[in-house]
Amino acid sequence: MDFILIRLLVALVGTAIAAKQDWDTSFIDEKLLYAMAAIGLLLNVITLDTQFILYSVGGAAVIFAIGYFLYKTGELGGGDVWLFVALQLLLPFYPFEQIPGAGLLGSNAFFLEQLASSLPFLASILIASSVIGMIGSSAYYAYCLRGKKLKPSKIGLVMSLVLLILLAFFALTYSISPSRMIIFALVLLPSLFLTMFREQVNDEVVIQNIPLTKIEDEDVLAIEKIDGKLVKKYALETVLTASALKKLGKMMYAQKLKTIPVYKVLPRFAPYVLLGLIACLLMRDLMVFLLLV
């Protein structure tokens with residue numbers, strides 16, 4: 001992959017700046033993300049390698065399409081989508097011939113090397129970022145619920161018990177090593193917490209009733225907390241862009257509502273993307289690496 005040092009520098013520095021902006025304000029400067037994507041596109045085009053260009057640009061187009069759908073449903077921020085697109089254009093493949101940490105794997109190193117040549121690098125970054133983000137966000141929400149009476153949902157409790165039983169079954173059947181059990185626990189326990197206490201976290205931490213004047217661009221409306229008839233009548237949208245805010249303001253004025261439920265305390269994902277990027281540069285695929293050690 002040509003211009004590797006430039007690609008790495010732009011990807012790391014750009015993602016670090018985006019992570020700092022997201023952490024501080026929950027927003028990422030669009031100009032930064034567009035610049036990262038443009039540099040990646042330019043570096044790909046000047047390789048004059050048609051297959052390479054099609055792979056990188058085609059992958060970015062697919063990521064944008066999926067990301068845009070998730071953005072419109074309120075599952076992902078617009079800045080996060082463009083950050084993923086930029087990383088795909090900058091680093092469409094794993095940038096190193098040899099994986100720095102592969103020497104720790106002994107005979108398992110070959111498997112990780114094969115993975116490096118087959119799996120899109122961004123997929124590894126997204127998986128690592130999601131796992132790290134799940135651990136970080138569950139820890140934060142658990143901290144927010146400290147001192148409160150915990151209210152696990154019945155469905156979440158049943159699902160958690162089923163997962164624990166399955167984990168115990170596989171552990172006993174396949175003699176999973178203690179180190180791998182610790183890794184499974186680090187991934188499983190945060191997901192169990194979020195599954196069991198999702199409703200309480202949303203109701204007591206994430207969703208806040210705020211006036212229209214305190215809503216920020218691209219805040220996510222807790223549309224399920226609003227009368228369905230009003231949602232349909234005023235064609236309310238989940239992501240509160242400028243046009244969506246006008247519809248919401250019209251509804252609130254007509255219904256004489258002073259506040260509206262909005263998802264305000266959502267995880268800020270860019271810092272986790274930075275951690276996932278660094279981890280995958282060092283280990284190629286964080287989860288596979290940990291399971292092979």
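The values are calculated or read from the model by the stated rules, or taken from the named source; none is laboratory data. These numbers come from a predicted model, not from an experiment. With ideal geometry, Cβ positions are generated from the backbone for all residues, glycine too; neighbour counts draw on all protein chains shown. To get the accessible areas, we keep the full protein, side chains included, count just its heavy atoms, and leave off ligands, DNA and RNA. Shrake-Rupley method; radii C 1.70, N 1.55, O 1.52, S 1.80 Å.
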Q) When residues of region 193-223 are filtered for being touching a strand residue (DSSP E or B) at 6+ places or on another chain (Cβ under 9 Å) and open to solvent by 30 Å² or more (accessible area, probe 1.4 Å), how many remain? A) 10
Q) Is it true that ILE28 is under 14 Å from PHE84 (Cα atoms) and modelled with pLDDT under 95? A) yes
Q.
Taking the conditions exactly as written (closer than 29 Å to GLU237 by Cα, out of contact with any Cys (no Cβ under 6 Å at 6 or more places or on another chain), among the hydrophobic types (A, V, I, L, M, F, W, C) and surrounded by 14 or more Cβ atoms within 10 Å (Cβ to Cβ)), does ALA65 satisfy them or not?
A. no
Q: Mind listing whichever residues of region 224-271 are open to solvent by 40 Å² or more (accessible area, probe 1.4 Å), under 27 Å from PRO190 (Cα atoms) and assigned to a helix (DSSP H, G or I)?
A: GLU224, LYS225
(Q) Of everything in region 1-25, what is crowded, with 19+ Cβ neighbours inside 10 Å and small (Gly, Ala, Ser)? Give them in sequence order. (A) ALA11, GLY14, ALA18, ALA19
Q.
Looking at region 50-62 only, could you name the residues that are closer than 20 Å to LEU8 by Cα and open to solvent by less than 70 Å² (accessible area, probe 1.4 Å)?
A. PHE52, ILE53, SER56, VAL57, GLY59, ALA60
Q: Please verify whether region 187-200 includes one or more residues that are in contact with a Phe, Trp or Tyr (Cβ under 7 Å, 6 or more places away or on another chain) and either within 19 Å of LYS149 (Cα to Cα) or part of a loop (DSSP other than H, G, I, E, B) (or both).
A: no
